[in-house]
Amino acid sequence: MQSKLLYYIVPILQIITITFIDNPWIILWSIYVIIPLLDEILAYDFYNPKQTKELEDDMFYKIPLYLVIVLDWCLMFTVLNHLTQNDVSLFDTIGLISIWGGLSSNNFTVGHELLHKDTLLDKFLGTYTLVKSLYCHYNIEHVFTHHRYVGTPLDAVSAEKGQSLHSFIPKAIVVQWKEAWKQKDKMQRYTILNILMCLFIYKIYSIKGFILFLIQVYQSIAYLEASNYIEHYGLRRKLLENNQYEQISDHHSWNAPHRITNHLLFKLQRHSDHHKYPSKPYQILEIDPNSPILPCGYLVSIMIAQFPIVWMNLMDPLITGYKSKQLYEESRKKVRKFLVQFAIFASCLMIYSLYD
């Protein structure tokens, strides 16, 4: 069964950050230690809901999406006010910007969900909430390029085997921006909005606030592109004799059944089904246990991908061997080892923050 209330994890984290803004390191520790731990402890989520019109139209599932958008903007103003009006230590500033950038990336997750919908309100919110990250053009590339060419060399956000995350992100940002200019009218409008957003932040918070804003912008974009990197890493569609690529299938996206992260990301981890049926609401997305399954959720995958050698050692054998139970179990052991090491490091930072 689906746990409806778990979809409120992000709004709750946003409210907690706004309320307890003085020590972001505890929140960071909760996200990057407790959530991965729960994903390891709890049973995998392979439950596929019944495809009913009632479930598809259930407004309960829209509420957390709208809440994330509203609270994300509230979080931005709260953090900027706090950092520009108070004497905050460098250590706490780094922590707060880190949690701000991480939570801001959920604006992309929600924007992605809404821009695929049919209603004008959802498309409007899904597109224009991304002005906060100066990235409204995402909807052009994502809908008209990524979904068409996913898993091929024609798609800038389908990572190749052996490509590091750090080389992938700048290339993906530049290529997508260039591709989006094929729709010149939209890009001119988005560019004007970006300029107005920058002027607005600078006018209110001066140069310090503007620099902090730009750091958050890059962080949220980096999280987005890291997700893109993970979703299709090394998976390729075959080029057929007619010079066309094979049809997109379950085997061209990495999925993850990790329960808490699945709710944290509004079932983004059921990525194969999303590519087959882009307009499907997140609450009715399905997962095939025989599709490529990651040994960890997207959140932990992003953490591991920061270390290219560790990531490639983990993932490269699985690209062709994801159906091997032995290979999968070996990769799970590598994930657990990484999580123990990271948890020790993160816990030290959190404890230090209590005495800083």
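The values are calculated or read from the model by the stated rules, or taken from the named source; none is laboratory data. Treat the numbers as computed from the prediction; the structure is a model and nothing was measured. Please note: Cβ atoms are built from the backbone with ideal geometry, for glycine as well, and neighbour counts cover all protein chains shown. Surface areas here come from the heavy atoms of the whole protein model, side chains and all, with no ligands, DNA or RNA. Shrake-Rupley method; radii C 1.70, N 1.55, O 1.52, S 1.80 Å.
Things worth noting here:
- Matching helices (runs of 4 or more DSSP H) fully within region 247-356 where at least 3 residues are of a type in the set (Ser, Thr, Tyr) and more than 27 Å from Phe108 (Cβ to Cβ): 325-355
- Hey, Leu121 in a helix (DSSP H, G or I) and not hydroxyl-bearing (Ser, Thr, Tyr) or not: yes
- Of everything listed in (1) open to solvent by less than 20 Å² (accessible area, probe 1.4 Å); (2) modelled with pLDDT under 95, the single unmet condition for Ile35 is (2).
- Residue in region 194-213 that is under 20 Å from the mean Cα position of the chain (by Cα) and over 23 Å from Ile99 (Cα atoms) present: no
- Ile207 vs. criteria without any contact (Cβ under 8 Å) to a residue 60 or more places away in the chain and either part of a helix (DSSP H, G or I) or more than 17 Å from Phe108 (Cβ to Cβ) (or both): yes
- Subset of region 267-296 [among the hydroxyl-bearing types (Ser, Thr, Tyr) and open to solvent by 10 Å² or more (accessible area, probe 1.4 Å)]: Tyr277, Ser279
- Residues in region 68-92 that are open to solvent by 30 Å² or more (accessible area, probe 1.4 Å), hydrophobic (A, V, I, L, M, F, W, C) and part of a helix (DSSP H, G or I): Val70, Trp73, Cys74, Phe77, Leu90, Phe91.
- Any hit, region 278-294, residues being of a type in the set (Val, Ile, Thr), under 19 Å from Asp45 (Cβ atoms) and in contact (Cβ under 8 Å) with a residue 40 or more places away in the chain: yes
- Within region 93-140, the set of residues being among the aromatic types (Phe, Trp, Tyr) and open to solvent by 20 Å² or more (accessible area, probe 1.4 Å) comprises Phe124, Tyr128.
- Residue match in region 41-49 (condition: surrounded by 15 or more Cβ atoms within 10 Å (Cβ to Cβ) and either outside any loop (DSSP other than H, G, I, E, B) or in contact (Cβ under 8 Å) with a residue 24 or more places away in the chain (or both)): yes
- Some residue of region 201-218 being under 30 Å from Leu5 (Cα atoms) and either surrounded by fewer than 21 Cβ atoms within 10 Å (Cβ to Cβ) or in contact with a Cys (Cβ under 7 Å, 6 or more places away or on another chain) (or both): yes
- Positions within region 50-67 being under 22 Å from Thr129 (Cα atoms) and either open to solvent by less than 30 Å² (accessible area, probe 1.4 Å) or not in a helix (DSSP H, G or I) (or both), in sequence order: Tyr61, Lys62, Pro64, Leu65
- The residues in region 156-200 that are free of Cβ contacts under 8 Å to residues at least 60 places away in the same chain, touching a helix residue (DSSP H, G or I) at 6+ places or on another chain (Cβ under 7 Å) and open to solvent by 50 Å² or more (accessible area, probe 1.4 Å) can be counted, and the count is 4.
- Selection within region 304-334 - surrounded by fewer than 20 Cβ atoms within 10 Å (Cβ to Cβ) and either under 15 Å from Ala256 (Cα atoms) or in contact with a Cys (Cβ under 7 Å, 6 or more places away or on another chain) (or both): Ile319, Lys323, Tyr328, Glu329, Arg332
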